Each structure stands twice: as structure tokens, then as C-alpha cells.
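As C-alpha cells, the structure follows; a few thoughts come after it.
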Amino acid sequence: MDTRIATLASLTAMLLATTSATAQKADEPFLKIGPDVTTWGEFNHLFEQNSNASLLPIGREEYAAIFTNYKLKVAEAKALGLDTTEAYRNESDYYIGELAKNYLQDTTAVARFARRAHARGAEEIHASHILVTCRPQASPADTLAAYNRVAAARERIMAGEDFATVAREMSEDPSAKNNAGDLGYFSSLQMVEQFEDMAFSTPVGQTSEVFRTRFGFHCLHVYDRRTSEGEVRVKHIMKLVPKDAPDDKAAKAQIDSIYDAIVNHGADFDEMARKFSDDRQSSSRGGLMPWFTRNQILPEFATASFNLQADGDICAPVRTAAGWHIIRRVGRRAQKPQEEYDTMIRRAQGSNAMLLKAPKRSRMAQLAKEYAFTWDAAGRDTLIGIMLQSSLPSERTASLKAHASQSLATLNGKTLTVADAIPYINKWMPNGLPSENALDIAYAIINDYEKNRLAQKYPEYKFTSAEYRDGLLVFDLMQRKLWSETPDSTTIANQYASHPERYAIGGKFEGEIYFCPTIKAADKVRKLAAKGQKAKAAQLAIKVVSGPIAQGDIYDDILWPVTPANPYVVAVGQTTNGQTQKLSECRSRVISDLQQIAERKLTDSLRQKYQPKQLIKIK
């Protein structure tokens, strides 16, 4: 945590709630310092927000005095112009921006994606597709032509033609001529997101609508949906066959010799892998490979691996495009456990644009529904057309201004025009699909709309952001007035000499400490305790702490104070002072005490200067 925010946190952590709140309205004025008025809501929020953070109990009346001193420092900082500096504005904007992220992002979005991937991973889809390529930033005319070509192909299929026949003729996927677009079985995270979504949402035996990915326009046909074949883990020994080798006889002889040594002469598989395998990535691990599905590896290798019936089984040498392999099964499972999906998705988030955007997009989708966001189709088409026609921001801006008054969308009952998109044109990504880019612009508009409403919608945001701003100002003021200067040696020596009991070790207190909600209650407690009526005294206190209490505990400022005694705390008992330390041993504490004294003098002078008025009496 930043030092300034930590300082603010340590101050507010002292403000502990132990008495019930009085029945005040949140917007009711509580404290007036000059022209600035603090509401009861802000006062009570800070009081209750930090109620569990303080080590020492405190009542609202005592907190009100501390809170007033705090706000006096804020007023003085503003009077000195500390809130007008560029450094302050940059810092406050940064911290409040970080705070706003909690309200403008759905932090569970990535975890939900991982859970969906895991659920889909339990099944496999067998599908074929037709592709007509189209660059994301293709012109509207080229985009329409590509769409129409796939739509025409789909119409032929829906009219009864064989999908494979149409795919061989119409698809621009290079493999379609050989496989008729057949992709075999696949599961989650093996296709681009839009393709996977369409495959899992299309019923078996049906052909999908036309849809778009970054590769172009597609339609797909789902042949089958089955329980996932799962994953297998193996060890292997490979003898590489270079592509330019005249034949593979040498590699075959070597792999046969290794296989014979393992199967017939008891050679250790791991040791043979380390010595003879040409797969450098796995040889050092005894040939161990990561878990894989059938589609993630060479077909011949996959078939041999999945055909092994039990862990430990070894297959005879298998030829793949890479060379010759001996494969030993290590494990088989239905699918990755959820934890592995979670880890895999988190690792991918840093480089995957879709996952990076997921928290913001998910929250904006929620807000779009909340605020009934709807596109004006014609305005959306105008926006997309302009953005596709030019990549220069100046040209895009000029074109958008030419259509400035055209309706673009509706947000929370307000009509947005094309002009409202101008500040967000840099959200348009060169490799993004037009529909996705338009959505990102819409979400950017919604984001800023919501950001401007956060203080109105969420009181905790309003008060916490004010706390951040004020905390930075108080830090700057204290740095300027107190912390930047170290007291001179004479002042340090005098302070040390005048409080020998304060700077001792081994002191002890025997008795009770009563923490009281008001000064009036403290006066009553003091009288009752003096009469020996401890039970009645305890009933008036927030909390009672009984000794023995050793010096150096959190109660030193009460039992061995450096400033006037706290009027809200009553200590009744016997104090035994400890052994005085040398100044060199407690110098930092003496300096801290002098700063505490200086701070009290500062707040006393600010009270005289600003004459604060507490408008609500604490009951």
C-alpha cells in the first residue's frame, strides 16, 4: 500500500465504533469548517468502516474530536493550495480510478469462463465447417460478399445438398479439398471462442447460421456429440527422421534396438529416454510428456497412445511425421480437473485479448441490461462503415462529425448520437471484428456513464473516494508542516529529561482501564471507581481492561502519556515506573513524541483559525 494511503488507513483505523448510532439522516450536515460541510453519512461511514481495525476502543464523541482535527488539516491543506497541484491531481485520480475498478469490473468473469470451459470439456463435438475468408477490417463491400458466399452455401445445404460436397466446392479452408471441412472431434479451448460457442449451441444433425470469426465467415454442421474421450499422459522415446533424409532405415533400426532392450532385456525406460531420445524437451524427464487430448498431437501418436489399455503398457515402435516413437502410458483421465482449467485460464489471461477484456465486458454487459442499452441499427452501421473506411483518427473524427446528429443508441432513456462515439474511436482495434469493436465503443460509453454515477449509486464509493482525496492532502500537509523537519538536539534532550517515566522499560500498571463513550460518562466512572464501585463503573464503559499491564504494550499513551491525559479514558490503579533508558536507546521514540506534541499544537491553532462547528450532538 502507498505510504500516504497507509497513513490515512492508520489514522482512520483508530476510529472504533462501540456505541449505537444516533438516528440521523446520511445527508444531514454534521460538521462545518469554513464553507465546507461534512455530512453525518461521511462521518458515520468512516467511524463504522474502521470499527474492527483499531486496537483501542473509542466512542463516537471521542471520534468526533479526532475527525474534526482531521478535517481541519484538510481545510488548511486546501487553503495552502495543495489540492491544486498536478502531483496531487494525478495521485488522487490514480487511487480513485483503482477504487472505481471494483465497481466497473466483474472480478468473477474469468473464473466463470474457466468453469464453463471445464463443463464443456466433459463433451466432444464432431463437426464440419465451410469457411470464406474475410479480414476483420475488410471493406463493407468485401465483407458482404464473403457473407453472401457462405449464406449461399448454407442455402444449398438446407435445400438438401450434401454438406461435404458443398464444402469441397465452396470452402476456402485449404484442407477442405481433402477432408470436406471435417474437423473431427474437438472440445473446449480447441477452437476460437465464436466457433466453439456456435458448435456447442448447434443441435446434433443441424447446420448453424452464418457466423464470423477473425478468419472469416463460417457455417458448421454438427454430426455428433459424445462424452469426452479424455486425456492421456505418456512417456516416449523418439528417433528423429529429418525431412531431407533419403529413408528412415537408420532411425528404425535404432528404435527397434531400444525397444528390444526395454521389452526383452529389462532396460529402464526412463534411462533409455534420457540417453537416446531425440526429443530434447522430454528426454531429461525420462520421456514424460504433458497431458494431451487426441486432437492435440500427431494422429498416429494419438492413436497409439489412446489404444494402450493400462498404465505401464508399452507399444511397439510407431511412425509419425516426426520420426519413430516408443510410447509408454503413464495415466488416463476423463478431463482436466477444474483447478487445472483455473490455472490455465489465469496464465492465458495476460496474453489473451478476450480474457483480458472479460472482467470489464462482463460488468458492462450487466450495466447495458440495467440501463436498457439498445443500438439504432442505422447509426451502428454508419459508425462501423466510417471506422472501416479509414484508420486515421483525424479522418474518422471528421466523418463522424459529418453524421454527428444521427441517432446511435439509447442508454437509460437518453438518445446517444454518432457524435458521442468520437472520444472512443481509439477503442477500435485493427484486428478486431467490427461487431466486437462497435461493442467495445458502446461499453466504453457505458463505462464512463456509470463512472459518473458511482458516487450517487454507492455511498461507500462516495465516502471512500473522499477519504482518499483527504488522506493525500493531510499527508502532504503533515509532510510540509511536521515530518520534513527533525527536532534539534536540545529539544530532543529536554523532552527526554522531562519525561523519564515515559522512556523507561519494565514499568507496570496494576488496576483497570475504563474506555468511556463520552467525557460525561468518564467523569461518572472516575467517581464510581474512587468509591470502589467497579461493577457500576464498568456498566458505563465501552470496555474495561484489567492489569497487570507491562510498559511497552499498546496502553503506553494512556498510562505514561506525553500529551494531556485522554479525557475519555480512566485508569484506576497503581503504576510502577521502570528503568530509564539512555537517550541513544529511545531517540526515535522521543522524536515521534515531539511530532505528536507538534501535531497537537497544529490542530489547536487550526481550531482557533477555522472555528469548526459540530452541528449534531453525539448522544
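The values are calculated or read from the model by the stated rules, or taken from the named source; none is laboratory data. Since the model is a prediction, treat every value here as computed from it, not as a measurement. Ideal geometry is used to build each Cβ from the backbone, glycine not excepted, and the neighbour counts take in all protein chains shown. The protein model used for the area step is the full one, side chains on, heavy atoms only, and it has no ligands, DNA or RNA in it. Shrake-Rupley method; radii C 1.70, N 1.55, O 1.52, S 1.80 Å.
Within the set of other residues whose C-beta is less than 15 Å from the C-beta of GLN533, count the net charge using Lys and Arg as +1 and Asp and Glu as -1.
Once positives and negatives cancel, what remains is +4.
Show the residues, 5+ positions off or on another chain, whose built amide H is closer than 5 Å to the amide H of LYS543.
PHE515
I want the local charge near THR603. Using Cβ-Cβ distances under 10 Å, sum +1 for each Lys or Arg and -1 for each Asp or Glu among the other residues.
+1
Given a cut-off of 25 Å, what percent of all Cα-Cα pairs of segment 352-450 lie beyond it?
That fraction is 14 percent.
Amide H neighbours of LEU408 under 5 Å, at least 5 residues apart or on other chains, H built in the peptide plane: list them.
Those qualifying (amide H under 5 Å, at least 5 residues apart or on another chain) are LEU416, THR417, VAL418.
Under 17 Å from the Cα of LYS609, which aspartates and glutamates turn up, not counting those fewer than eight places away in the same chain?
ASP36, GLU76, GLU599
Over 29 Å between Cα atoms: which of LYS32/LYS481; LYS527/LYS613; LYS71/LYS457; LYS32/LYS527; LYS527/LYS582; LYS25/LYS601 fall into that group?
Result: LYS527/LYS613; LYS32/LYS527; LYS527/LYS582; LYS25/LYS601 exceed 29 Å.
Kindly report, to the nearest 10 Å², the accessible surface of GLU485 as traced by a 1.4 Å probe over protein heavy atoms only.
130
With the radius of gyration and the Kirkwood radius both derived from the Cα set of segment 546-602, what is their ratio Rg to Rh?
Working: Rg = 12.8 Å, Rh = 13.0 Å.
My calculation puts Rg/Rh at 0.98.
Going Cα to Cα from LYS427, which lysines come in below 24 Å? Please leave out same-chain ones fewer than 8 positions away.
Straight-distance partners of LYS427: LYS101, LYS357, LYS360, LYS369, LYS401, LYS414, LYS451.
Provide the per residue accessible area, probe 1.4 Å, for the chain, rounded to a whole number of square angstrom.
51
What are the ³J(HN,Hα) values, in whole Hz, obtained from phi via the Karplus relation 6.51 cos²θ - 1.76 cosθ + 1.60 with θ = phi - 60°, for each residue of segment 165-178 in sequence order, with x given for Gly and Pro?
Once θ is set to phi - 60°, the couplings for segment 165-178 become 5, 5, 5, 4, 7, 9, 6, 9, 5, x, 7, 5, 4, 9 Hz.
Regarding segment 453-553, what is the average projected area of its C-alpha convex hull, in nm²?
11.5
So which aspartates and glutamates pass the test for LYS177, namely a Cα distance under 16 Å, with those fewer than 8 places away in the same chain ruled out?
Excluding near neighbours in sequence, the set is ASP162, GLU169.
Amide H to amide H under 5 Å from GLY184: which residues, 5+ apart in sequence or cross-chain, H placed 1.01 Å off N in plane?
Placed amide hydrogens put ALA127 under 5 Å from GLY184.
Which three lengths, in whole Å and largest first, does the chain cover when its Cα atoms are put on their principal axes?
Projected onto the principal axes, the Cα atoms of the chain cover 102, 79, 48 Å.
Tabulate in residue order the Karplus-calculated ³J(HN,Hα) for segment 128-133, using 6.51 cos²θ - 1.76 cosθ + 1.60 with θ = phi - 60°, rounded to whole Hz; enter x for Gly and Pro.
Along segment 128-133, the couplings run 10, 9, 10, 10, 10, 5 Hz.
With all protein chains present, calculate the accessible area of LYS25 using a 1.4 Å probe and round the result to the nearest 10 Å².
150
Less than 11 Å Cβ to Cβ from PRO136, Lys/Arg counted +1 and Asp/Glu -1: what total charge do the surrounding residues give?
Values: positive: ARG135, ARG212, ARG214; negative: GLU436.
Surrounding charge for PRO136 is +2.
Could you report the accessible area of THR410 in Å², rounded to 10, computed with a 1.4 Å probe on the protein chains as they sit in the structure?
Result for THR410: roughly 50 Å² accessible.
Roughly speaking, what is the stretch gain from ALA253 to ARG226, that is 0.36 nm per residue apart minus the C-alpha to C-alpha distance, in nm to one decimal? Display every interim value, and only then the final one.
Details: separation 27, 0.36 × 27 = 9.72 nm, distance 4.04 nm.
Gain on extension, ALA253 to ARG226, equals 5.7 nm.
Please list 3J(HN,Hα) in residue order for segment 229-238, calculated via the Karplus relation 6.51 cos²θ - 1.76 cosθ + 1.60 where θ = phi - 60°; whole Hz, with x for glycine and proline.
Running phi through 6.51 cos²θ - 1.76 cosθ + 1.60 with θ = phi - 60° gives 5, x, 10, 10, 10, 9, 10, 9, 10, 10 Hz.
Could you tell me what percent of the accessible area of the chain is made up of carbon and sulfur, with a 1.4 Å probe and every protein chain present?
Working: 16040 of 31580 Å².
Heavy-atom surface of the chain belonging to carbon and sulfur, 1.4 Å probe: 51 percent.
Treating the angle as unsigned and between 0 and 90°, give the value, to the nearest 10°, between the Cα long axis of helix 353-370 and the longest Cα principal axis of the chain.
The helix 353-370 is inclined about 70 degrees to the chain.
Rounded to the nearest 500 deg cm²/dmol, what is the calculated helix-only ellipticity per residue at 222 nm for the chain, with -39500 (n - 2.57) per DSSP H run of length n ≥ 4?
After summing the helix terms and dividing by residue count, I get -15500 deg cm²/dmol.
Is the shape of segment 124-259 rounded, prolate or oblate, going by the alpha carbon gyration tensor and its root eigenvalues a ≥ b ≥ c, with a/c under 1.5 for rounded and a/b larger than b/c for prolate? Kindly include the intermediate steps, with their values, before the conclusion.
Working: a/c = 2.47, a/b = 1.89, b/c = 1.30.
Prolate, because a/c is 1.5 or more and a/b exceeds b/c.
What FRET efficiency do you get for GLN456 and LEU80 if R0 is 41 Å and r is their Cβ-Cβ distance, rounded to the nearest 0.05?
0.85
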